[in-house]
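Visitor: Below is one structure. I have some questions about it.
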Amino acid sequence: MLLSETTTSPLFSLVPLIVFLPVLGLLVNMIFGGRMGEKAVGAVASAASGLAFVISVLLGIALWTGGGEATVVPFAEWIKIGALDIPWNFRVDTLSVTMMLVVSGVGTLIHIYAIGYMHEDVRFKQDEKRYRRFFVFMNLFIAMMMILVSGDSYLMLFVGWEGVGLCSFLLIGFWYEMDTLGRPSWANSNAAIKAMIANRIGDFGFLIAGLTMFWAFGSVQFGQVFGIAEEIAAAQPGIILAITLFMLIGVAGKSAQIPLYVWLPDAMAGPTPVSALIHAATMVTAGVYLVARSWPLYSLAPNAQYIVAMVGAVTALFAATIAVGQYDIKKVLAYSTISQLGFMVAAVGMGAFAAGMFHLVTHAFFKALLFLSAGSVILGLERGHHHLAHHNSSAAAAPTPPKDGHTPAGHFGSPSHHEEEVFDPGDMRNMGGLRKRMPVTFWLYIIGTLALAGIFPFAGFWSKDEILLDAAKLHPEIYILLAIAAFFTAFYMGRQIWMVWFGKPRHAAAEHAEESPKVITVPLMVLAGLSVLGGALNLPGLHTLTRWLEHTIELAEHEVHLAAWLQISWGGLNPLVALLSTVLALLAIFISWLIYGRKPLETGQKDPLKKPLGFIFTGMENKWFVDEIYSVVFLKPYAAISRFLADVIDWRFWHDWFHDKVIAGTYQWISRTVLDLRVDQQGIDAFFNGLGELTKRTSAGLRRLQNGFVRSYALAVLFGVIAILGYLLIR
Amino acid sequence: MNFGSIPLTYYLVLSAALFTMGALGVLIRRNALIIFMSVELMLNAANLAFVAFARQYGVFTGQLFVFFVMTVAAAEVAVGLALIVAIFRTKHSIDVDQMSSLKG
């Protein structure tokens, strides 16, 4: 095979291990995990993921020394039907290795964190046996994500795409029989189903894109498709546009973009490591990876590029505004993730693939850090709550502390004292003043926040700035949307910081919150380090990551006429754009201090933004009623149509009329009248009855000969002899 | 030879007469024993015809056949008498018209 000749380094042949090590890990945990104990289960899972990271690093080194040439490693024959020949090949190039490093690197840290987190989580939820299942799912996710990023064809990518979707479903519904507060309910399970269905709509788009591609290109393998893309584009420009736009539906589903983003906030029902790994750092970036991977197609369809960029930019701003009005610590981060994914999608849509991938990597660092720190906070509050519960039960006379239940935002500010009210450890209104109780997590959270807000010199500053600069150069309107989104980003993160860490504890549990153990904080420190230094990957002037990715993504420089202020370049960094975004971010944090920091929230106090903003804040609180609008526009009519189809079309028309009357009636008429009466009774039966009758009559005639008189028989013999003799004589 | 002057025709006429008597006996009489004897008569009529022809043409074949016929006839008598005795034991009669169980 021609491809095998290009395999230069023997290290490349290790690439299947990135998939099979996690698979091995999950098999070990599945088969022996029951007897191994929690520590060993977690260690096996983390080791499987860690070894995959080691392999990824080796691949990266091999690629670096080999000059960055893409290598395809044939692994197995997969589908071979006629002209369709899709082998399972691994593609090792700078883009896929970047993804592998992020997935396995961040994945390993989150696995280690989860050893500590799930240890407590399964105890708070009182089902210790579920510990092992969690790590089996996590390893399955790593394996599937690796298939996604390492596949050499759209079909292989799709296998991973569906696989991570399955893992997402399984892990969102990990505590499937309760809601996020542990009360018996189908809420978590419904969230999992919602994620599955929203993704299914996206996957449908992806599938159509893939099938169209096979129809037009005769192949779904990257090399072949990209090789003839230009020819096809010249012959049928509509095809490329259709493929890229259908692919955008898939991207919108997986990477939570408008209009399919609604599943991601609900996906926070999963355990926090899942939110960090799957719903922030890796899986949701698959859409960004898909667009970056399909760069030859998108480059040929500028209209599709613009639509992708616009979807990303609008999502970035839209989700950022919702994040401002959320009270759940993880929901804020979820909307933040949607918003940041919007940044990435906008970047890769504009053709700034390197900037988008850069932001993908840095975002994986700091958003994983933020989510895991939030998980640490939640655990801290849970610990405080438990501590309190024990304390209260020992001193029965102690008054119940005022609690803010998990009530809809509209009821906020009416603290209820009901006995059955459940404490919500994720509600920021229950927090406050945690800085002193959980100092390590506090500093980690600050680092994550600064990185996300884009403050110099943290990782987010460099990557976001690069996106903003590219936007300013290519599409000013997208630049404006993204800049406003960046402002909101800094604002809601500032709001979160003041609400969670400063002021006075608004709940007794927050007063007694406890810091998390080392197994949780150490991975966070590593992530914090990456969040600080991640910008070094692609510093202006060096552009290491851009150069690295250029081996895979070769782009012709656009000749755009730039305004004078945009032409200033300090080694690729525009000081004005950078200054503007930094000033915006600092301004937003300052405003958030004015509102939330200067005068901290009191227990049961309404959000200070509620009064001045009025209905706008109500909209933000309620996620702009998108779920409600979807419910009215899509779900209810859909349910009505299904009911109509089920009751009227299926049951009454199809079953009662068509089946019972038409088919069964016709069948009965044919069987009874035609076949039974005419053919069977009057045809076949009559014929054979006639035969029987004939035989009977003949035999009745012949029976007379058998008269029982021996002498008459003898006479017959005599006549016979005479007849024979007579014949012989006469002859 | 005293008999040499008797022509073949006489023997054959006698043979035919005996055979006819035998055949009539079988057809007319009802007593199984008589029928049996009539059958013997027919066999011997045939024997007579055999030896007459044998003598006429000076070959022994016919005479040899007579021996066979006599042997078979003897065997037949043995079987036939046994049957008659068996029938008599069950029916207390040897009237052949009574033996009509196989009537159709």
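The values are calculated or read from the model by the stated rules, or taken from the named source; none is laboratory data. Computed from a prediction, not measured in an experiment: that's the story for all the values here. Ideal geometry is used to build each Cβ from the backbone, glycine not excepted, and the neighbour counts take in all protein chains shown.
Visitor: Is it the case that some residue within region B:91-104 is more than 11 Å from chain A (Cβ to nearest Cβ), over 14 Å from the mean Cα position of the chain (by Cα) and in a helix (DSSP H, G or I)? Full working, then the answer.
Guide: Residues of region B:91-104 that are more than 11 Å from chain A (Cβ to nearest Cβ), as a first pass: B:91-94.
The next check asks that each one be over 14 Å from the mean Cα position of the chain (by Cα); those that pass are B:91-94.
When the remaining residues are screened for being in a helix (DSSP H, G or I), the result is B:91.
Yes.
Visitor: Related question: Can you tell me which condition A:THR698 does not meet? The list is (1) within 14 Å of another protein chain (Cβ to nearest Cβ); (2) hydroxyl-bearing (Ser, Thr, Tyr); (3) under 30 Å from A:VAL626 (Cβ atoms), and all the others hold.
Guide: Result: A:THR698 fails condition (3) only.
Visitor: Among A:VAL348, A:VAL361, A:VAL377, which is the only one that is over 30 Å from A:ALA304 (Cα atoms) and either of a type in the set (Val, Ile, Thr) or under 16 Å from the mean Cα position of the chain (by Cα) (or both)?
Guide: Numbers: A:VAL348 fails: over 30 Å from A:ALA304 (Cα atoms); A:VAL361 fails: over 30 Å from A:ALA304 (Cα atoms).
Being over 30 Å from A:ALA304 (Cα atoms) and either of a type in the set (Val, Ile, Thr) or under 16 Å from the mean Cα position of the chain (by Cα) (or both) holds for just one of A:VAL348, A:VAL361, A:VAL377, which is A:VAL377.
Visitor: Does B:VAL59 satisfy the condition of being away from chain A (no Cβ under 14 Å) and in a loop (DSSP other than H, G, I, E, B)?
Guide: Values: away from chain A (no Cβ under 14 Å): yes; in a loop (DSSP other than H, G, I, E, B): yes.
In short, yes.
Visitor: From A:ARG547, A:ARG506, grab the single residue that is more than 22 Å from A:MET431 (Cβ to Cβ) and either in contact with a Cys (Cβ under 9 Å, 6 or more places away or on another chain) or of a type in the set (D, E, K, R) (or both). Quick ask: steps written out before the conclusion?
Guide: Working: A:ARG506 fails: more than 22 Å from A:MET431 (Cβ to Cβ).
Just one listed residue meets the conditions, A:ARG547.
So that you can scan it fast, the table gives a plain yes or no per residue for (1) in contact (Cβ under 8 Å) with a residue 12 or more places away in the chain; (2) away from chain B (no Cβ under 14 Å); (3) among the aliphatic types (A, V, I, L, M):
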{"site": "A:LYS623", "(1), (2), (3)": "yes, yes, no"}
{"site": "A:PRO637", "(1), (2), (3)": "no, yes, no"}
{"site": "A:TRP654", "(1), (2), (3)": "no, yes, no"}
{"site": "A:SER671", "(1), (2), (3)": "no, yes, no"}
{"site": "A:ILE684", "(1), (2), (3)": "no, yes, yes"}
{"site": "A:LEU705", "(1), (2), (3)": "no, no, yes"}
{"site": "A:ALA714", "(1), (2), (3)": "no, no, yes"}
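Visitor: Now for a different question. So, of the residues in region A:180-207 that are farther than 15 Å from A:PHE169 by Cα and free of Cβ contacts under 8 Å to residues at least 40 places away in the same chain, which turns out to be surrounded by the most Cβ atoms within 10 Å (Cβ to Cβ)?
Guide: Step one: list which residues in region A:180-207 are farther than 15 Å from A:PHE169 by Cα, which gives A:180-185, A:204-207.
Imposing the further condition that a residue be free of Cβ contacts under 8 Å to residues at least 40 places away in the same chain reduces the set to A:184-185.
Working: A:PRO184: 8, A:SER185: 14.
Residue satisfying both the conditions and the ranking: A:SER185.
Visitor: Also, quick follow-up: All but one of (1) away from chain A (no Cβ under 14 Å); (2) surrounded by 11 or more Cβ atoms within 10 Å (Cβ to Cβ); (3) aliphatic (A, V, I, L, M) hold for B:VAL39; which doesn't?
Guide: Every condition holds for B:VAL39 apart from (1).
Visitor: Restricting the search to region A:64-84, which residues are surrounded by 13 or more Cβ atoms within 10 Å (Cβ to Cβ) and charged (D, E, K, R)?
Guide: Within region A:64-84, just A:GLU69 meets the criteria.
Visitor: Assuming A:ASN707 fulfils every condition listed in (1) surrounded by 12 or more Cβ atoms within 10 Å (Cβ to Cβ); (2) among the polar types (S, T, N, Q); (3) at pLDDT 90 or above apart from one, which condition is it?
Guide: Exception for A:ASN707: condition (3).
Visitor: B:ALA86 - would you say it is away from chain A (no Cβ under 14 Å) and of a type in the set (Gly, Ala, Ser)? Quick ask: steps written out before the conclusion?
Guide: Details: away from chain A (no Cβ under 14 Å): yes; of a type in the set (Gly, Ala, Ser): yes.
Yes.
Visitor: Output yes when any residue across region A:449-466 is farther than 23 Å from A:TRP570 by Cβ and crowded, with 20+ Cβ neighbours inside 10 Å, and no when none is.
Guide: Going residue by residue through region A:449-466, those that are farther than 23 Å from A:TRP570 by Cβ are A:449, A:452.
Filter again for crowded, with 20+ Cβ neighbours inside 10 Å, leaving A:449, A:452.
Yes, because at least one residue in region A:449-466 is farther than 23 Å from A:TRP570 by Cβ and crowded, with 20+ Cβ neighbours inside 10 Å.
Visitor: In the set A:ALA233, A:ALA323, A:ALA242, A:ALA313, which member is at pLDDT below 90 and over 20 Å from the mean Cα position of the chain (by Cα)?
Guide: Values: A:ALA323 fails: at pLDDT below 90; A:ALA242 fails: at pLDDT below 90; A:ALA313 fails: at pLDDT below 90.
Going through A:ALA233, A:ALA323, A:ALA242, A:ALA313 in turn, the sole match is A:ALA233.
Visitor: Residue by residue through region A:264-276, note down the ones that are crowded, with 24+ Cβ neighbours inside 10 Å and under 19 Å from A:THR315 (Cβ atoms).
Guide: A:LEU264, A:PRO265, A:ALA267, A:MET268, A:SER275
Visitor: Please state which one of B:VAL69, B:VAL13, B:VAL77 is surrounded by fewer than 13 Cβ atoms within 10 Å (Cβ to Cβ), at pLDDT 90 or above and away from every other protein chain (no Cβ under 14 Å).
Guide: Working: B:VAL69 fails: surrounded by fewer than 13 Cβ atoms within 10 Å (Cβ to Cβ); B:VAL77 fails: surrounded by fewer than 13 Cβ atoms within 10 Å (Cβ to Cβ).
Residue meeting the stated conditions: B:VAL13.
Visitor: Still on this structure, I have one more. With respect to A:GLY541, is the statement that it is in contact (Cβ under 8 Å) with a residue 12 or more places away in the chain, in a loop (DSSP other than H, G, I, E, B) and either exposed (fewer than 14 other Cβ atoms within 10 Å of the Cβ) or touching a Cys at 6+ places or on another chain (Cβ under 7 Å) (or both) true? Break it down stepwise before answering.
Guide: Details: in contact (Cβ under 8 Å) with a residue 12 or more places away in the chain: yes; in a loop (DSSP other than H, G, I, E, B): yes; either exposed (fewer than 14 other Cβ atoms within 10 Å of the Cβ) or touching a Cys at 6+ places or on another chain (Cβ under 7 Å) (or both): yes.
Yes.
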